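The values are calculated or read from the model by the stated rules, or taken from the named source; none is laboratory data. This is a predicted model, so every value here is computed, not measured. Cβ coordinates were reconstructed from backbone atoms using ideal geometry, including for glycine residues, and neighbour counts include every protein chain displayed. With ligands, DNA and RNA removed, areas are computed over all heavy atoms of the protein, side chains included. Shrake-Rupley method; radii C 1.70, N 1.55, O 1.52, S 1.80 Å.
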Amino acid sequence: MKFALLQRTHLALGDGKKMITNQNYHIAALKPNMLDTLYAIEQTASPTHWTETMIADCFAANYTMYGLYLEDQSLVAYIVLSVIKDEAEILNLVVETNARKQGLGRALLTHAIDALKTQNIKRIFLEVRASNHAAETLYTQTGFKTMLTRKAYYRTSDGREDALLMTINL
């Protein structure tokens, strides 16, 4: 299956660093032979990242998984979706640390939502750490609404953290 390259232009940051400009990327379904690369990206995400076994289990469960590849074919982000009847859950959305704040996570999320719409999915939901303000902002700007707070849902290095349950109707 062929995928068109999408082009994204980015602005320079105020601290003198430059974001990737005129970045071409494509989004494609992931395959199990990408496990090592996915785990490497996962390790950059947070101290409480998914394990290799958890990622492998997603392939075994036949979850929908998309990756975002840069023009040089490097995989820098991925999303894992579980679809049951007319609902979907975003289980994980990870962008490599060096590729953040460039709109790539938004591009991947938008692609996943558009793909789910073609499958007649009516609602998507997810949990996000209450402390992950960047992700919460991304989801809110994409149309997700916070439904409730799950107390002490996530493990942290020093205890537990709340999760926000967010949903969007398609």
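Quick one: compute a quarter of the convex hull surface over the Cα atoms of the stretch 56-129 and quote it in nm².
Convex hull of Cα atoms, orientation-averaged projection: 5.6 nm².
Please work out the Cα convex hull volume for the chain and give it in Å³ per residue.
132 Å³
Excluding residues on the same chain fewer than 8 positions from Lys145, give the aspartates and glutamates whose Cα lies under 12 Å from its Cα.
Partners found: Glu127, Glu136.
Less than 18 Å from a label point 7 Å out along the Cα-to-Cβ axis of Ala28: which backbone N atoms in the stretch 53-96 qualify, by residue?
The answer is 64-80, whose backbone nitrogens lie closer than 18 Å to the label point.
May I ask you to give the solvent-accessible area per residue for the stretch 46-170, in square angstrom, as obtained with a 1.4 angstrom probe?
53 Å²
Roughly how many Å is it from the Cα centre of the stretch 116-134 to that of the stretch 148-164, as a whole number?
About 18 Å separates the Cα centre of the stretch 116-134 from the one of the stretch 148-164.
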